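Only one structure is covered here, and it is reproduced in the block below.
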Ligand code: GLN
């Protein structure tokens, strides 16, 4: 049924880079045979799932929506994919994204732009735009994305679904093609919190193949989900309601906060004084790490290689010049500069110090409140092409999501109403490290 929907609507939505119908049916039949044999089934038995094209899938092309990996077929699965297969899920295809997860609209895909199912002239958000759009359009019930500075929460908000950015270290990054290793996390897109909680149970936990994954028990999120938090204190950061916030988004978020108050929650104004530096810090840290991570794409080991014959250095530079898109090249140059001998202490090292201050702000806030709530994105889905000529305007779209990644904490976006134009609005709930359980329960109180 889902394959039929994909066939009917994906020529309009363009969420998928790759759909492997035969392989999906084969997996589904294998699960069905297992069911008939009476063998115990996994928690996601037979459920189709789409995977962002930045996560390695054995035997299935993984392009990062880049020309440089156009024909790259990984010889192994990312750990999250392995865990999904073990849970008997059916991998149905790979989704479109901003090239190497750099962007907020999927317009940086080297192939095509995914459309927002609520309005086809608008972007679905990004960088996990394909994963968000395919769930919103009911092409699949659930999907996986990645979030380095908002790439799960922002498209979830713009497409009217649920998306979580887990605590750094909660989910294995093994087999996730790295953008910024100290910020990247994998997380699920779903229609509701129960599905999201279940998927988090499947993908979370220590993985010996990722030394940054943490060995703490994974709570049964699904079991506690329906228990509201008593004496809930919600931090409302004044910096998240300033200039640049669309008035309709503001009104919806404030209405949601009222709803929490009605349920007995206490609202407390908090301050995240260093969040004003978050975008600047992010574009130094993320680009620095990207410039290093993307050094591996040189046309020798795998991926695209320029057809122009030349010496080693010219082969490298032609390959990278032809294989990477404009935004990726811009970031490699920015990051290389930030790490250079002349700029390192003025930019990169300073950014690391301010990153610590941003984290400290949250530590202070979480001493007084259980969670911090605000908008996910300053505006609803914008028109295609509206921000492509102005990278800074595009970067500012992540103003509320980025500090969560810099601090390594958990964040979720859930739907909270619509604009007059019937575009979805997202509510962002942030919680301290490894407080996903509490975050889910707070989210459920509103859902
Ligand atoms: N939009 C941000 C960027 O362009 C965040 C992307 C992400 O989270 N992968 O880097």
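The numbers here are math on the coordinates, done by the rules we state, and not lab data. Bear in mind that the values here come from a model prediction, so they are computed numbers and not experimental data. Neighbour counts run over all protein chains shown; Cβ positions are idealised from the backbone, glycine included.
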### Query
By per-residue mean of other Cβ atoms within 10 Å, what is the highest-first order of 124-131, 327-334?
124-131, 327-334
### Query
What percent do you get for the relative contact order of the chain when only Cα pairs under 8 Å and 6+ apart count?
18 percent
### Fraction of antiparallel bridges per DSSP, the chain only, in percent to nearest 5
65 percent
### Task
Project the alpha carbons of the chain onto their principal axes and report the range along each, largest first, in whole Å.
68, 66, 45
### Query
What shape does the range 194-258 have by the C-alpha gyration tensor, where a ≥ b ≥ c are the square roots of the eigenvalues, rounded means a/c under 1.5, and otherwise prolate means a/b greater than b/c and oblate the rest?
prolate
### Query
What translational D, rounded to a whole number of µm²/s, comes out for the range 253-355 from Stokes-Einstein when the hydrodynamic radius is the Kirkwood one over Cα pairs, at 37 °C and 0.692 mPa s?
194 µm²/s
#### Entry: For the range 311-429: rounded, prolate or oblate by the Cα gyration tensor [a/c cutoff 1.5]
oblate
### Alpha-carbon centroids, the range 375-423 and the range 29-61: separation in whole Å
32 Å
### Summary
Per the helix-only model, the chain has a calculated mean residue ellipticity at 222 nm (DSSP H runs of ≥4, -39500 (n - 2.57) each, divided over all residues, rounded to the nearest 500) of -11500 deg cm²/dmol
### Summary
Yeah, the range 143-291 with a ≥ b ≥ c from its alpha-carbon gyration tensor (a/c under 1.5 is rounded, else prolate when a/b outruns b/c, oblate otherwise) is oblate
### Message
Report the Cα-based extents of the range 1-70 along its three principal axes, largest first, to the nearest Å.
### Response
45, 27, 19
### Packing rank of 402-413, 344-355, where each peptide gets the mean count of other beta carbons within 10 Å, highest leading
402-413, 344-355
## Note on the structure
As a percent rounded to 5, the proportion of antiparallel DSSP bridges among beta bridges in the range 1-116 is 45 percent
### Query
Could you give the semi-axes, largest first, of the ellipsoid that matches the range 17-169, computed as the square roots of 5 times the alpha carbon gyration tensor eigenvalues and rounded to whole Å?
26, 17, 14
### Task
Could you grab the relative contact order for the range 180-301? Cα pairs under 8 Å, six or more apart, rounded to a whole percent.
27 percent
